[in-house]
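Below is one structure, written out as structure tokens, with a few remarks after it.
The values are calculated or read from the model by the stated rules, or taken from the named source; none is laboratory data. On a predicted model such as this, the values are computed, not experimentally measured, just so you know. Note: ideal-geometry Cβ built from the backbone for every residue, glycine included; neighbour counts use all protein chains shown. Each accessible area value is taken on the protein alone, full model and side chains, heavy atoms only, with ligands, DNA and RNA left out. Shrake-Rupley method; radii C 1.70, N 1.55, O 1.52, S 1.80 Å.
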Amino acid sequence: MDQLLPPEIDEAARSFASALAACGDLNALMRLKGAYVGREGSHAARMMDLLKAAPKEHKRELGAQINAYKQQWEEALKGRQTDLESAKKAQDALAAGWDPTLPPPVPAAGALHPLNRLMDRLVDVFRPLGFHVEEGPEVETEAHNFDGLNIPDDHPAKASSDTFYLAAHPELLLRTHTSPVQVRTLLRVAPTLAERGGIRFLAPGRVYRKDEIDPTHSPMFHQVEGMLVGHGIGMQHLKGTLEYALRTLFGPHTEIRLRPSYFPFVEPGCEVDVSCPLCGASGCRVCKGSGWVEILGAGLIHPNVLSYAGIDPTVWSGWAFGMGVERMAMMLSQTPDLRLFFENDQRFLKAMGGLD
Ligand code: DAH
């Protein structure tokens, strides 16, 4: 058998194992690979030339011999390559200062969105006062979103230019405020209101309006609604509660002021300002030098709202408020553009940690 291949090939085959063992790195291995199984000038290439030139009767045997050599070399080269590669990886890791005895890095944990954290904070402020959380659907009926809130048919908010109506169900819409949760909750508790001795709740959630997106507008944003129904409730109760809540939120030196305003579902209605929490009311960019920032709308529940829910307005009274969450978050964090809250850039979200 041996005589079919020239002696230098057998010599090369004999020295292959020690040459392979002598390859200390991948470069040396690639050179050896070239010399043994490379396309040109290698032992394998030479053997193929010999095979082509061999007399027909020898081809079979010679072919088998050549294949056996080639296969043996290729497998051995591959095995050595794997070993050298993993040795190199380990070496690189050590060189890069990687210490395999250190504990693995802690994976980044998920976290609540800054707007959700702010809403949670508001709920936490009111919870000790006996308020719980009520929820309502984001797809609402016209009745809950408008009619039950004493909003007349010709009110501009009802126009399809301001409100998203569902194309297939024109009586349904995306709620334009969290106030319909007032209507739903009052309707539900009306029969047991006396037993309960009244009700007080917050309703945080998403609301929708046909607004163009810009630094202070988004077609989806968040509000927190607050409501209390009891006996003999007046503006003094509203003011006292808001003063307490806003001082808890913004600090004990916070002052509030009520300015008369109009909302169909309250009478009287007002807008509430806080002394600017950023400059201590001395005047800054956020309060535009005035020392005050508007924070919410509020008022005493309109008798029609109570009546709609089947609650006697001569027996019961109460207050309500609604505040914009993005507005408050922007003010607290001095974020100039509301869109940052919805783009979910990790750097922004991490920097918002200070909102808690
Ligand atoms: N729903 C009002 C809005 O979206 C905010 C509001 C004002 C809610 C006065 C109230 C309130 O409950 O009493 O602009």
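Please list, in order along the range 343-349, the HN-Hα scalar couplings obtained from phi with the Karplus expression 6.51 cos²θ - 1.76 cosθ + 1.60 (θ = phi - 60°), rounded to whole Hz, x for Gly and Pro.
After applying 6.51 cos²θ - 1.76 cosθ + 1.60, I find 8, 6, 6, 4, 5, 5, 4 Hz.
Based on the Kirkwood radius over alpha-carbon pairs, what is the Stokes-Einstein translational diffusion coefficient of the range 2-96 at 25 °C with 0.890 mPa s viscosity, in µm²/s?
Translational D for this selection: 169 µm²/s.
If you average over every viewing direction, what projected area does the convex hull of the Cα atoms of the range 71-126 give, in nm²?
One quarter of the hull surface, i.e. the mean projection, equals 8.1 nm².
Connecting C-alpha atoms closer than 10 Å in a GNM of the chain, tell me which of SER161, SER15, SER261 has the biggest fluctuation.
Top of the fluctuation ranking is SER15.
Under a Cβ-only charge scheme (Lys and Arg +1, Asp and Glu -1), can you give me the dipole magnitude of the chain about the Cα centre, in debye to the nearest 20?
The calculated dipole for the chain is roughly 760 debye.
Please name which of LEU306, GLY353, TYR69 has its Cα lying farthest along the dipole of the chain towards the positive end, using unit charges on Cβ (Lys, Arg +1; Asp, Glu -1) and the Cα centre as origin.
TYR69
Starting from the Cα gyration tensor of the range 31-87, take the square roots of the eigenvalues, sort them a ≥ b ≥ c, and report rounded, prolate or oblate (rounded when a/c is under 1.5, otherwise prolate if a/b is larger than b/c, else oblate).
oblate
Pull out a ≥ b ≥ c, the square roots of the eigenvalues of the alpha-carbon gyration tensor of the range 183-285, then state rounded if a/c is under 1.5, prolate if not and a/b is larger than b/c, and oblate in the remaining case.
oblate
So between CYS284 and GLU61, what do we pick up on full extension, going 0.36 nm a residue minus the alpha carbon distance?
70.8 nm
Given the options VAL293, PHE221, GLY324, identify the residue whose Cα lies farthest towards the positive end of the charge dipole of the range 114-351 (+1 on Cβ of Lys, Arg; -1 on Cβ of Asp, Glu).
Value: VAL293.
Hey, in the GNM for the chain with a 10 angstrom Cα cutoff, which one of LEU77, LEU173, LEU238 fluctuates hardest?
Highest fluctuation of the listed residues: LEU77.
First measure r as the distance between the Cβ atoms of HIS169 and VAL133, then evaluate 1/(1 + (r/R0)^6) with R0 = 25 Å and state the FRET efficiency to the nearest 0.05.
So, using R0 = 25 Å, E works out to roughly 0.35.
Which of GLN223, GLN72, GLN346 moves the most in a Gaussian network model of the chain with Cα springs under 10 Å?
Looking only at GLN223, GLN72, GLN346, the largest GNM fluctuation is found for GLN72.
Can you tell me the orientation of helix 43-53 relative to the chain, as the angle in degrees between its alpha-carbon axis and the longest Cα principal axis, to the nearest 10?
Helix 43-53 and the main axis of the chain meet at about 60 degrees.
Exactly which trypsin sites (Lys or Arg not before Pro) in the range 285-337 are in a DSSP loop and have at most 15 other Cβ atoms within 10 Å?
Taking the range 285-337 and a limit of 15 other Cβ atoms within 10 Å, the loop trypsin sites (Lys or Arg not before Pro) found are ARG285, LYS288.
Take the range 36-189, compute every pairwise Cα distance, and split them into 10 Å bins from 0; I just need the percent in each bin.
8, 17, 13, 9, 6, 7, 10, 11, 11, 6, 1
With θ taken as phi - 60° and the coefficients 6.51, -1.76 and 1.60, list the Karplus ³J(HN,Hα) couplings across the range 226-240 in order, rounded to whole Hz; mark glycine and proline as x.
So the Karplus estimates, Gly and Pro as x, are x, 8, 9, 10, x, 10, x, 7, x, 4, 4, 5, 4, 5, x Hz.
For the chain, which cysteines have no second Cys with its Cβ under 4.7 Å from theirs?
Cysteines of the chain left without a disulfide-compatible partner: CYS23, CYS270.
Using only Cα atoms and rounding to the nearest 10 degrees, what angle (0 to 90) does helix 114-126 make with the longest principal axis of the chain?
40 degrees
Mind checking which of TYR165, VAL125, GLN91 is farthest towards the positive end of the chain's charge dipole, using Cβ charges of +1 (Lys, Arg) and -1 (Asp, Glu) about the Cα centre?
Checked the options; the winner is GLN91.
Hey, what number do you get for the chain at 222 nm if only DSSP H runs of n ≥ 4 count, each worth -39500 (n - 2.57), divided across all residues, to the nearest 500?
After summing the helix terms and dividing by the residues of the chain, the value is -13000 deg cm²/dmol.
Please give the helix 7-22 orientation as an angle from the longest Cα principal axis of the chain, in degrees from 0 to 90, rounded to the nearest 10.
The angle comes out near 40 degrees.
Summarise the accessible area of the range 114-351 (1.4 Å probe, protein heavy atoms) by the percent that is carbon and sulfur.
Accessible surface attributable to carbon and sulfur in the range 114-351 totals 53 percent.
Rounded to whole Å, give me the distance from the Cα center of the range 1-56 to that of the range 123-138.
Centre-to-centre (Cα) distance: 82 Å.
Return the whole-Å distance between the Cα centroid of the range 67-116 and the Cα centroid of the range 198-275.
Measuring centre to centre over Cα atoms gives 57 Å.
Where in the range 70-103 does the amide nitrogen come within less than 18 Å of the point 7 Å from the Cα of ALA19, taken along Cα to Cβ?
Label zone hits: 70-81.
Compute the distance in nm between two label points, each set 7 Å from the Cα along the Cα-to-Cβ direction, one at ARG39 and one at GLN71.
Using points 7 Å along Cα→Cβ, the separation is 2.5 nm.
For the range 21-124, report the accessible area per residue in Å² (1.4 Å probe, heavy atoms, rounded to an integer).
Averaged over the residues of the range 21-124, the accessible area is 70 Å².
For the range 114-351, I need the span (max minus min coordinate) of the C-alpha atoms along each principal axis, in Å, sorted largest to smallest.
Computed over the Cα atoms, the extents are 48, 45, 29 Å.
Given R₀ = 25 Å, FRET efficiency for LYS210-ASN116 by Cβ-Cβ distance, to 0.05?
My answer for the efficiency is 0.55.
Can you compute the modelled spin-label distance between THR82 and MET48, with each label point 7 Å from Cα toward Cβ, in nm?
Each label point is offset 7 Å from its Cα along the Cβ direction, giving 2.5 nm.
Given H placed 1.01 Å from N in the peptide plane, which residues other than close sequence neighbours of LEU296 have an amide H under 5 Å from its amide H?
Sorted by chain and number, the residues that satisfy this are VAL272.
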